[in-house]
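The values are calculated or read from the model by the stated rules, or taken from the named source; none is laboratory data. Please read all numbers here as calculations on a predicted model, not as lab measurements. Neighbour counts are summed over all protein chains in view; Cβ atoms, including those assigned to glycine, are modelled from backbone coordinates with ideal geometry. Just the protein is used for accessible areas: all its heavy atoms, side chains included, with ligands, DNA and RNA removed. Shrake-Rupley method; radii C 1.70, N 1.55, O 1.52, S 1.80 Å.
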Amino acid sequence: MAKGDNGSKPTLKALMEIMASLLDALGIVMGDDGSKIMSLQAGQKMGEDLSLRTERAENVETCISLLNEALGEGWHLELWKKQDEVELVNKEESSLLAKLRVTDCPVRQVVLHTGLSQDGALCHLVDVFLASAVTNIMEKDSEIKTTHPGSNSCLKEIRVYE
Amino acid sequence: MSSPVTLRTKKEIFQQVLTQLGRDVPDIYASVLVRQDGLLITSNLPNDVDGRKVAAISAAIATIGIRAVNELKQGKINQIIVTADEGQIITMGIENLFISVLVSKEANLGYALLELENVAGELKEILGGQ
């Protein structure tokens, strides 16, 4: 830890708690869908900003690798498949489909710490953020949704439309 | 056997429906179709209008309207109409989407609503056929 960083962790933690409370309060006023409107806007912008400092990719594997590089510390994404599955990325009629395991995610830490739902606006923000980044890196529409939230990792489904 | 309806095809169909609405009812001079969380699906807006912003605002209007109706126990929401000096904004729910239109102030609101309901039915059929 660099000199002068001693106070940053508690400050960050407090800030994250404030942000979580804000989203929680917004949910009370506008309902869950209302707070997701805000997280969609924020997530889209974050994804676009991230993709500005990332090369373009033509396949999902490279895209995830570039994403990990750009996201840096605090995040880790990996494509995942069940034992009986052959490919990490499967081609469907008009899209590519893959499972994405998120082992490190700052939002999961906040959500677990504050008791917020892993189906709420903050996790929606992560899904939109990553999907927006993938959309811009691959220059194809994409969607990400959480299929299994967990305390150590979350499993998401990533779909890239052709 | 019909060909699979891709995301692009769906967006094109939605776009055609919105464009046709603008032709059939010239008083409806802008329209957007958005997901409940404010994601822009498609729009028929003047060039100087930011579609993404309009999508977020439309979803917010709809969401707060639904919230108010539910909390105040007013039954099921039909549509939300915002009336202003220069025109009106009408928002209506279709499955898990919202359609919002801008209507000129001189418009026959009854006719605009009727056409909008027809379009909502048409979109619902398209969504149901996915």
Seminar exercise, completed: Only unsatisfied item for A:Leu71, checking (1) more than 18 Å from A:Ala20 (Cβ to Cβ); (2) over 11 Å from the mean Cα position of the chain (by Cα); (3) away from every other protein chain (no Cβ under 14 Å), is (2)
For this session: Just need a number here: residues in segment A:106-137 that are buried (at least 21 other Cβ atoms within 10 Å of the Cβ) and more than 14 Å from chain B (Cβ to nearest Cβ).
Result: 7
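If you go through segment A:16-27 one residue at a time, do you hit one that is away from chain B (no Cβ under 14 Å), touching a His at 6+ places or on another chain (Cβ under 7 Å) and free of Cβ contacts under 8 Å to residues at least 60 places away in the same chain? Give the derivation first.
Initial filter on segment A:16-27 (away from chain B (no Cβ under 14 Å)): A:16-22, A:24.
If we keep only those that are touching a His at 6+ places or on another chain (Cβ under 7 Å) too, we end up with none.
No, segment A:16-27 contains no residue that is away from chain B (no Cβ under 14 Å), touching a His at 6+ places or on another chain (Cβ under 7 Å) and free of Cβ contacts under 8 Å to residues at least 60 places away in the same chain.
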For this session: Please specify each residue of segment B:105-130 satisfying the condition of being in a loop (DSSP other than H, G, I, E, B) and either out of contact with any strand residue (DSSP E or B) (no Cβ under 6 Å at 6 or more places or on another chain) or aliphatic (A, V, I, L, M) (or both).
Result: B:Glu106, B:Ala107, B:Asn108, B:Gly129, B:Gln130
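Working only within segment A:139-154, note down all residues that are of a type outside the set (Gly, Ala, Ser), crowded, with 21+ Cβ neighbours inside 10 Å and within 14 Å of chain B (Cβ to nearest Cβ). Give the steps one after another, and end with the answer.
We begin by selecting, within segment A:139-154, every residue of a type outside the set (Gly, Ala, Ser); these are A:139-141, A:143-149, A:152, A:154.
Okay, now just the ones that are also crowded, with 21+ Cβ neighbours inside 10 Å, so A:144, A:154.
Of everything in segment A:139-154, just one residue is of a type outside the set (Gly, Ala, Ser), crowded, with 21+ Cβ neighbours inside 10 Å and within 14 Å of chain B (Cβ to nearest Cβ), namely A:Ile144.
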Exercise. Does segment B:96-104 contain at least one residue that is assigned to a loop (DSSP other than H, G, I, E, B) and either open to solvent by 60 Å² or more (accessible area, probe 1.4 Å) or away from chain A (no Cβ under 13 Å) (or both)?
Worked result: yes
Problem set entry | Some residue of segment A:35-42 being open to solvent by less than 90 Å² (accessible area, probe 1.4 Å) and away from every other protein chain (no Cβ under 14 Å) | no
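Can you find a residue in segment A:13-30 that is open to solvent by 30 Å² or more (accessible area, probe 1.4 Å) and under 21 Å from A:Glu143 (Cα atoms)?
As a first pass, look at segment A:13-30 and keep what is open to solvent by 30 Å² or more (accessible area, probe 1.4 Å): A:13-19, A:21-22, A:24-26, A:28-30.
Then drop every residue that is not under 21 Å from A:Glu143 (Cα atoms), which leaves none.
Within segment A:13-30 (the criterion being open to solvent by 30 Å² or more (accessible area, probe 1.4 Å) and under 21 Å from A:Glu143 (Cα atoms)), the answer is no, since none of the residues qualifies.
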Exercise. Taking strands (runs of 3 or more DSSP E) that do not extend beyond segment B:1-94, which have at least 3 residues that are of a type in the set (S, T, N, Q)?
Worked result: B:40-44
Problem set entry | Residue list for segment B:18-41, restricted to those being in contact with a strand residue (DSSP E or B) (Cβ under 8 Å, 6 or more places away or on another chain), open to solvent by 10 Å² or more (accessible area, probe 1.4 Å) and within 14 Å of another protein chain (Cβ to nearest Cβ) | B:Arg35, B:Gln36, B:Leu40, B:Ile41
Seminar exercise, completed: Per the filter on segment A:84-105, residues closer than 26 Å to B:Thr9 by Cβ, away from every other protein chain (no Cβ under 14 Å) and open to solvent by 70 Å² or more (accessible area, probe 1.4 Å) are A:Glu87
Problem set entry | Any hit, segment B:46-66, residues being under 13 Å from B:Leu102 (Cβ atoms), away from chain A (no Cβ under 11 Å) and surrounded by 15 or more Cβ atoms within 10 Å (Cβ to Cβ) | yes
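Is there a residue in segment A:51-70 that is open to solvent by 100 Å² or more (accessible area, probe 1.4 Å) and in contact with a Ser or Thr (Cβ under 8 Å, 6 or more places away or on another chain)? Talk me through it step by step, then tell me what you get.
Initially, segment A:51-70 is screened for residues open to solvent by 100 Å² or more (accessible area, probe 1.4 Å), giving A:52-53, A:55-56, A:58, A:69.
Right, trim to in contact with a Ser or Thr (Cβ under 8 Å, 6 or more places away or on another chain) and you get A:69.
The answer is yes; a qualifying residue exists.
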Problem set entry | segment B:1-17, subset more than 10 Å from every other protein chain (Cβ to nearest Cβ) and open to solvent by 70 Å² or more (accessible area, probe 1.4 Å), residue modelled with the highest pLDDT | B:Gln16
